[in-house]
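The values are calculated or read from the model by the stated rules, or taken from the named source; none is laboratory data. Everything numeric in this text was worked out from a predicted model, so none of it was measured. Positions of Cβ are backbone-derived with ideal geometry, glycine not excepted, and every protein chain shown enters the neighbour counts. Just so you know, the surface numbers come from the protein's heavy atoms only, side chains and all, with ligands and any DNA or RNA stripped out. Shrake-Rupley method; radii C 1.70, N 1.55, O 1.52, S 1.80 Å.
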Amino acid sequence: MNMKPVFSIIKDYALITLGILLYVLGWSIFLAPNNLVGGGVTGLSAIIQYATHGVFKMGYTYFVVNIGLIVAALFVLGSSFGGRTVYATVLAAIGLNVFQTVIPFDFIRAIALDNGKLMSTIMGGIMVGSGIGVTMIAGGSTGGTDIIALMVNKYRNVSPGRLILWMDVVIILASLLVPSFKADGSLMPFVEKLTTVVYGFILIVINSTVLDLVISGSKQSVQVFILSKNYAEIADAITNDLHRGVTVLDGKGWYTKQETEVLMVLTRKTDLNILLRFVKSIDPDAFLSVSSVTGVYGKGFDTIKKG
């Protein structure tokens, strides 16, 4: 019985769990205690929580809105939004409610409140962006405005990224129209709400930057050229054990004037050390050249999206 698909599914759900944990901790420790507002459904949920003095917690709004969007997406976009997105949404909704209750306030004050809103915005943005990135790497999604953007993009020639950005801006600006109560029960002054909007814009910039770094880092590929007299044995090992394709190129050493075979391998950067150890275990004298590549498209790598 081939257990690889089972282990792959377990790994994906473990990564989604880790990503959602980072996501909700970023909000529960750094952002929500400072009454900070971000973009997306979570930002909308935060506004409602602040306006209701914490009675209607973020997790409730987050769950209701996202489940509605997922159901709508199933009709509009098809069955591409599967179990991973539902799992991530439910887990995030529970986490946003639970962690705001169980994390000691003294800890939050020491690590977030006493360090100011700017530092909390930076730290929260890094954690939230990293969490979304890890979740997306595993094939999950935190839902929200990206689902709306995809549904609109199906019928209108509108950039999803630009639409998401504008929705985030509208949500953050909408916080000015809604009263916001602090944790001590006092009403936030309008001037302070203006600074909160600025922090919100900083937050979405940090989120998007960290998200791109996490996604691009996980998908970065390398191109390896291998010259060895044991090229056939190395090629077999890479194909059979590492399950990577190998291309054999005809070459000629100009100094020696001898014909030689050159192996070209494309692999993920995360698998590079394993590949190098394989090669050196077969031929310690092998000559290798490693270079980073901007993009690799095809089987086993990225796909070129149509439209």
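Mind checking which of Gly40, Gly143, Gly253 has the largest fluctuation in a GNM of the chain, springs on alpha carbons under 10 Å?
Judging by the Gaussian network model, the answer is Gly253.
What are the equivalent ellipsoid semi-axes of segment 1-134, built from the alpha-carbon gyration tensor (square roots of five times its eigenvalues), in whole angstrom, biggest first? Don't skip to the end; give the middle numbers.
Details: eigenvalues 162, 71, 29 Å².
Each semi-axis is the square root of five times an eigenvalue, giving 28, 19, 12 Å.
So if R0 is 22 Å, what FRET efficiency would Arg268 and Phe7 give, r being the distance between their Cβ atoms, rounded to the nearest 0.05? The partial results should precede the final answer.
Details: r = 17 Å, r/R0 = 0.79.
After rounding, the FRET efficiency stands at 0.80.
Which of the helices in the chain meet the span-like rule: DSSP H, Cα axial reach of 18 Å or more, Kyte-Doolittle mean at least -0.5? Intermediate results must be reported in sequence, preceding the final value.
Details: long enough: 4-25 (31 Å, 1.48); 58-76 (27 Å, 1.94); 83-102 (28 Å, 1.07); 116-137 (32 Å, 1.30); 160-174 (21 Å, 1.74); 190-219 (44 Å, 1.30).
TM-like helix candidates: 4-25, 58-76, 83-102, 116-137, 160-174, 190-219.
Give me Rg over Rh for the chain, both radii from the alpha carbons and Rh done the Kirkwood way, two decimal places.
Ratio value, two decimals: 1.10.
So between Ile111 and Ser289, what do we pick up on full extension, going 0.36 nm a residue minus the alpha carbon distance?
Working: separation 178, 0.36 × 178 = 64.08 nm, distance 4.56 nm.
Fully extending the segment from Ile111 to Ser289 adds 59.5 nm.
Please work out the average accessible area per residue across the chain, using the 1.4 Å probe convention, and give it in Å².
Details: 16820 Å² over 307 residues.
Here the residues of the chain average 55 Å² of exposed surface.
Using a 1.4 Å probe over the heavy atoms of the protein chains, calculate the carbon and sulfur portion of the accessible area of segment 83-155 as a whole percent. Provide the component values of the computation, followed by the final result.
Numbers: 2250 of 3220 Å².
The C+S portion of the solvent-accessible surface of segment 83-155 is 70 percent.
Which pairs, out of Lys229/Lys252; Lys257/Lys280; Lys229/Lys280, put more than 19 Å between their alpha-carbon atoms?
Working: Lys229/Lys252 13 Å; Lys257/Lys280 25 Å; Lys229/Lys280 12 Å.
The pairs that break the limit, which is 19 Å between Cα atoms, are Lys257/Lys280.
Assuming R0 = 22 Å, what is the FRET efficiency of Val64 and Arg156, from their Cβ-Cβ distance, to the nearest 0.05?
Working: r = 26 Å, r/R0 = 1.18.
Between Val64 and Arg156 the formula returns 0.25.
Please compute the Cα-Cα pair-distance distribution of segment 86-149 with 10 Å bins starting at 0, giving whole percents from short to long.
18, 41, 32, 8
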